[in-house]
Number of protein chains: 6
Amino acid sequence: MRILIVNPNTTGSMTEKIGAAGRGAASPGTEVVAVNPAMGPESIEGYYDEAFSVPGLLDEIRRGENDGFDGYVIACFDDTGLDAARTLAAGPVLGICEAAMHTATMLGGRFSVVTTLARSVPALEGLARRYGVADRCRVRASDVPVLALEDPASGAVRKVEEEIARAVREDGAECIVLGCAGMADLAADLTRRLGLPVIDGVAAATRMVEALVGLGLRTSKVGGYAAPLPKAYAGEFGRFAPGSDPETAGVGETERG
Amino acid sequence: MRILIVNPNTTGSMTEKIGAAGRGAASPGTEVVAVNPAMGPESIEGYYDEAFSVPGLLDEIRRGENDGFDGYVIACFDDTGLDAARTLAAGPVLGICEAAMHTATMLGGRFSVVTTLARSVPALEGLARRYGVADRCRVRASDVPVLALEDPASGAVRKVEEEIARAVREDGAECIVLGCAGMADLAADLTRRLGLPVIDGVAAATRMVEALVGLGLRTSKVGGYAAPLPKAYAGEFGRFAPGSDPETAGVGETERG
Amino acid sequence: MRILIVNPNTTGSMTEKIGAAGRGAASPGTEVVAVNPAMGPESIEGYYDEAFSVPGLLDEIRRGENDGFDGYVIACFDDTGLDAARTLAAGPVLGICEAAMHTATMLGGRFSVVTTLARSVPALEGLARRYGVADRCRVRASDVPVLALEDPASGAVRKVEEEIARAVREDGAECIVLGCAGMADLAADLTRRLGLPVIDGVAAATRMVEALVGLGLRTSKVGGYAAPLPKAYAGEFGRFAPGSDPETAGVGETERG
Amino acid sequence: MRILIVNPNTTGSMTEKIGAAGRGAASPGTEVVAVNPAMGPESIEGYYDEAFSVPGLLDEIRRGENDGFDGYVIACFDDTGLDAARTLAAGPVLGICEAAMHTATMLGGRFSVVTTLARSVPALEGLARRYGVADRCRVRASDVPVLALEDPASGAVRKVEEEIARAVREDGAECIVLGCAGMADLAADLTRRLGLPVIDGVAAATRMVEALVGLGLRTSKVGGYAAPLPKAYAGEFGRFAPGSDPETAGVGETERG
Amino acid sequence: MRILIVNPNTTGSMTEKIGAAGRGAASPGTEVVAVNPAMGPESIEGYYDEAFSVPGLLDEIRRGENDGFDGYVIACFDDTGLDAARTLAAGPVLGICEAAMHTATMLGGRFSVVTTLARSVPALEGLARRYGVADRCRVRASDVPVLALEDPASGAVRKVEEEIARAVREDGAECIVLGCAGMADLAADLTRRLGLPVIDGVAAATRMVEALVGLGLRTSKVGGYAAPLPKAYAGEFGRFAPGSDPETAGVGETERG
Amino acid sequence: MRILIVNPNTTGSMTEKIGAAGRGAASPGTEVVAVNPAMGPESIEGYYDEAFSVPGLLDEIRRGENDGFDGYVIACFDDTGLDAARTLAAGPVLGICEAAMHTATMLGGRFSVVTTLARSVPALEGLARRYGVADRCRVRASDVPVLALEDPASGAVRKVEEEIARAVREDGAECIVLGCAGMADLAADLTRRLGLPVIDGVAAATRMVEALVGLGLRTSKVGGYAAPLPKAYAGEFGRFAPGSDPETAGVGETERG
């Protein structure tokens, strides 16, 4: 089985961290490849960055289909481009927020998400409503920029931990969800130290995609996730038009972590 | 006052129809300009098309800011790129689904949306939940491709009317919402003939944006719609990076209908 | 175009303030008339006052129909008598809570309402549920009686501002909604000073009714807002019976601010 | 114990039927009095009628307080004036829709309400949401005017039964709620013949108010149901102003069935 | 009329207290019997205890049917085994949480539940959602073990009162619901001292069951509460199999308080 | 890794089928053991059967803990005893309804559950609300008793297929969930023939538990799923009391399929 994790931003060190988390979560015998697009934002902090990460993300999904991947993980906690990716992929596609939130509901009652910047909170509250968990979930910001998580000297980890402590104390949280792919390396240690499940979406989504593939289940094509209809795309996006040759549709280089 | 309507697909005849609907709805003294991006899909039928329409749409919003527009309408019923556009614009930005659904709630109880293809129904049901109207709204498909609405010989209008008739008969609909920008020219005639409000989102959104601008209200910048943070965008999207020179950020030609 | 704003209480100074807010919000060429009934409570602070304001309010709507008004605003934040008024009016009728809450959702994510007395909070929470915004809205009381807003020496404005400050600090509010028609004169200054949208429902509703009228949309008459059925009304309410002569149905003098 | 049932319309034959239902439901030793206001609509069919029934209804509640009644039932299925009545009464006040819907949830899962005219459906759907039962309740109209229920020759009862049969067949209803006080005499016979609970709100509310009074519970006065604040009421409603002498507040004659 | 209250735990002193509360709430002429099973947990503090209390509880319901009881109260605030009990009983069956929550909605707006241990909060939040009151209800724990309520020296009552004080101060609670059958003796005194309704579920449920029985209403048998289908039960539970002789199905002695 | 699947009814042939489904779904290297209690109902058709299956189920979970199992599946579509099982187990515990519903949301939009008897529908609708999917899920009954699924001559499979066909035609279902553990052997064939995902909860839950165990995640013990408190259990349930010796707590023989 082969799973492709797409980090929708262009920061290679984060892709490496994400790939490590995915490989650490997968079963023996499952190949996990992590990539990021060559075009787009270096981090995703709000709706605007998100919008410009999607074309590159979808290009990676299309390449993944050509390369025969069985399932996909979108490794940004906004679940960037999730619906569009599902129209493209035959196999299952999971977002890391989606996977982490479902996971939290299977392990406890109330849970809290600790994310990076306050500007990301409304989007995550919207996802909590979409996934049907809003009445048991609180979203908190730790005031840490995404790329500060890549810098050991930034004090970011300490701030995340302090916010988690507040969530446990004030929210009645039974589980914690780490609200950014860049926090993937913190989950195991925090779970052990805090004595409650601390969930990393990258690991959760990787293992859940593996489960869905193992079950022989694929994305339904009879409704909203039907394959894109062939049509013309004008201008430089012409190469992404449904029906164009996917072999030549690459956007340039990608890093496979 | 100057309002920019962005049709996020690249079909000029639809942009013209949309522009006519917007101009017909605006007050005297309000300038309404309708444009479409030069790059992207010729119609938006599902999540994949939607994703590739957003960069061009945002580019139009950015140009609009440079040109001093006071408010914006996004003229696709999926409310494509709405959140991202709000981070970019100082003035208000409305989607046509959002405007039409709010309008329907001000004129009656239950309402039904009649859209184009079945594949678009799940996205619109999701918007109905987002806008808090899911318990009074039913979404129906008329099985009409978007571009068939541009072709008088296609029989599309008849199919839309038949679906509206079913909505009135079966759903207890007190209002009808036309679920595609390409139906903008049908509202007035249908309202008169059916004896209940038939709402076109293009007209509704144009007039509502005008109202918000007239009230001196602008998009809030203290939360999820804060301006994008300056950062590097890799590859061909570099010109869209927050902080880059917007004067030179154009994606090529755009049609101003 | 002619819009009638009905202040459902009988305090003329508030009607004048409301009229000024409505006229300030309307487009050039729109005539805005503000009235209040001659009978009923001097302020509306709770469900009981609300009930006794409705007959006078509806009488004003009926006169408005006779006078050919195109649309109506109900200028009490409880949206007093809104459904009944819609059965009477051909044109659109908006409540100021309804208009303000819809407006807030178009400009930001979470918002807070700051109203007068704690006893009004449950009614406004009920309206937030009715309008589908309960999951993004918090209602707060500033402990200011309605008529204190008419008295510059009461310190009411300072108390309202302090409560708004708490909402921004504690609720993650991206917009503020002023929860009483008597606060209509505070919005512009607060918007400027606080750096986020502060929404007055009187202005918002006036401009939105103008928008609906401009769109040629009228209240749907095929469901709950169908015209009242002709029937006898006993006792002194006989003159309000559907089918009785509206020309002679006046309840006495009204003030037109 | 003494319970006052107020039929908010002015049709005496309906008040008698309602009184009989209430007395039939009460325990031995409980005195049940049914009245209707002398002013207001002869039947309540929509929001407009409802508005004009409230002042007379509240006047009856006030008289009831003077007469020392222990609790109240509002015998219109719209739960007309319920919140206002609670501000006036020391004891509990129940609406018949409220009582019937709660009762249905205690006896089965899904239930259907069969009411009179289609125009009343949106109001009852709103009440279903208010009482937290919308996800298990469907509201149906039998196309029977309220006063047709007073006329044995109208065929109204047959139409109601046919609609109930459709509810059982199509909705998965485990209980039926009769959606008009004028149907109070049908419940026992239908329950026996249909083999599932058919609930009349008048009986249910009478017995539940009796229960609340028996428990020593009264309406909470610390929030939205606090007693009306003393203030001036202008014009002919002056006699209803909080603080005015209730002894002389009568609106004329009332019928005590 | 005869009502059986089943305390699903095996602590006789609590059964006595519960029986006193039920008898105090019932009308003259209603016989109230309180029992507890001979097998099962001595107190119910969490899901595990709950599971082992249900067989004994159901056995008491079955005996009750044989003894001709007209209705039933389940006197544990988790509403333990409520759905199963309804399949067994012809008459109505109420849980004390259900009855108390419905009662609270009839007397005020927001309310708070004060229960025993934090581990019980998630179950009660789930019941609040089930009964449709989650948006107006907050559940709080007083950190008091159930059996401490049986020990005057434990300080339990003081802790409960302190938590109630916090609920009134912080939650905007208009009513308080006591979240454990073991608090049944506190309601009357607290109601008087706090000046707002403090609701004991045992009393509320007893009186409401009495009301339902008095109305001639029984549990609906056409859906989820249909009588259990005859089938074999293996092992020691064989005596509970539907269709087996209920006369000989006793689990041993029960205490009838 | 070792996973224990507990079929909470006592029908060995169903346990074998369930075991086969679980083993077929698990990864190589995962040991899957399927058991059923020796005491309890031979099938679970409604709330009463469910209640009597829980003690035996929990006994199997306790044995599983003693035997060092890493995770658990409860193989009844009512998710019987799920919360109680979680208090007992260190590792994750999933219900098959829970797993199937989450799985459906990851593969499409709307889905339909096809279960056995109509009496089970209300319980499953309740689970859909609990898992946050009620707005996208419809539950249907095929009118097939559970044990008919064990009898090839019963025509049960054809009836299930006919109901699935109705769901696809009438509900807009993008996925189908099989609503009974006894249908576990139908999923693969139906998925292939119908061209959309047909989800068996036994397989889904087995693979998801495997995923959670693989991720190092365990049930949270800081809230509702805290370990049962030590206390006395009276009567024959004494051996189940928390703190009693689990080695000797067996209820007799169990079948390990």
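The values are calculated or read from the model by the stated rules, or taken from the named source; none is laboratory data. Note that the structure is predicted; figures quoted are calculated from it, not measured. Cβ: placed from backbone, ideal geometry, glycine included. Neighbour counts: every protein chain shown. Each accessible area value is taken on the protein alone, full model and side chains, heavy atoms only, with ligands, DNA and RNA left out. Shrake-Rupley method; radii C 1.70, N 1.55, O 1.52, S 1.80 Å.
From the alpha carbon centroid of segment B:12-86 to that of segment C:204-242 is 35 Å.
Using the Kirkwood radius over Cα pairs, work out the Stokes-Einstein diffusion coefficient for segment A:97-201 at 4 °C and 1.567 mPa s, in µm²/s as a whole number.
97 µm²/s
In this structure the amide hydrogen of D:E45, modeled in the peptide plane, comes within under 5 Å of the amide hydrogens of D:E50, none closer than 5 places in sequence on its chain. Taking amide H as placed 1.01 Å from N in the peptide plane, the amide H of C:A141 sits under 5 Å from that of C:T115, each at least 5 places away or on another chain.
Taking amide H positions as modeled 1.01 Å from N, with prolines and chain starts lacking one, the residues under 5 Å from A:I5 and 5 or more places away or on another chain are A:V33, A:A34, A:V35, A:V73.
Given the options C:R140, C:R166, C:R130, state which has the largest fluctuation in a GNM of chain C using a 10 Å cut-off (strictly under) for Cα springs. Highest fluctuation among the options: C:R130. Among F:L215, F:L124, F:L196, the largest mean-square fluctuation in a Gaussian network model of chain F, built with springs joining Cα atoms closer than 10 Å, belongs to F:L215. Among the residues of segment C:10-49, those with an accessible-area drop of 50 Å² or more from chain alone to full protein complex, heavy atoms and 1.4 Å probe, are C:M39, C:E42, C:Y47, C:Y48.
Note that segment C:27-42 has calculated 3J(HN,Hα) couplings of 6, x, x, 9, 8, 10, 10, 10, 10, 9, x, 7, 10, x, x, 6 Hz, one per residue in order, obtained from phi through the Karplus relation 6.51 cos²θ - 1.76 cosθ + 1.60 (θ = phi - 60°); glycine and proline are x.
Report which residues of segment E:179-196 become buried by 10 Å² or more of accessible surface when going from the isolated chain to the complete set of protein chains (1.4 Å probe; DNA, RNA and ligands ignored). Residues shielded by partner chains are E:T191, E:G195, E:L196. Mind jotting down the distance between the C-alpha centroids of segment C:109-159 and segment F:146-194, whole Å? Measuring centre to centre over Cα atoms gives 53 Å. Phi angles of segment B:106-123 translate, via the Karplus equation with coefficients 6.51, -1.76, 1.60 and θ = phi - 60°, into HN-Hα couplings of 8, 10, x, x, 5, 9, 10, 9, 10, 10, 8, 9, 4, 5, 8, 4, x, 5 Hz per residue; Gly and Pro are given as x. By DSSP, the beta bridges lying fully in the protein assembly as shown are antiparallel in about 15 percent of cases. Per atom type, segment B:97-201 shows carbon and sulfur on 51% of its accessible surface, probed at 1.4 Å.
Taking the Cβ-Cβ separation of A:R169 and C:L194 as r and a Förster radius of 51 Å, what is the calculated FRET efficiency to the nearest 0.05?
0.95
Excluding ligands, DNA and RNA and using a 1.4 Å probe, chains C and D jointly bury around 3700 Å² of accessible surface, summed across both partners.
If each DSSP helix of 4+ residues adds -39,500 (n - 2.57) and the sum is divided by the residues in chain B, what number results at 222 nm, nearest 500 deg cm²/dmol?
Numbers: 8 runs with 101 residues, N = 257.
Taken over chain B, the calculation gives -12500 deg cm²/dmol.
Dividing the mean sequence gap of close Cα pairs (under 8 Å, 6+ apart) by how many residues chain C holds gives a relative contact order of 26 percent. The residues of the protein assembly as shown have, on average, 30 Å² of accessible surface per residue, using a 1.4 Å probe with all protein chains present. Taking Cα centre as origin and charging only the Cβ of basic (Lys, Arg, +1) and acidic (Asp, Glu, -1) residues, the dipole magnitude of segment B:97-201 rounds to 300 debye. Suppose a student asked you for the relative contact order of segment D:101-242, using Cα pairs under 8 Å spaced at least 6 residues apart; what percent would you report? That works out to 22 percent. Derived value for segment D:4-108: Kirkwood hydrodynamic radius 13.8 Å. Basis is the mean of 1/r over every pair of different alpha-carbon atoms.
For segment A:64-72, 3J(HN,Hα) computed residue by residue from phi via the Karplus equation (6.51, -1.76, 1.60; θ = phi - 60°) reads x, 4, 4, 7, x, 5, 8, x, 9 Hz, glycine and proline entered as x.
Counting only Cα atoms, the size of chain A along its three principal axes is 54, 38, 34 Å, in decreasing order. Using a probe of 1.4 Å on the protein chains alone, the accessible area found for D:E170 is around 110 Å². Placing one identical point scatterer on every Cα of the protein assembly as shown and ignoring solvent, what is log10 I(q)/I(0) from the Debye formula at q = 0.04, 0.07 Å⁻¹? Those come out to -0.24, -0.79, one per q.
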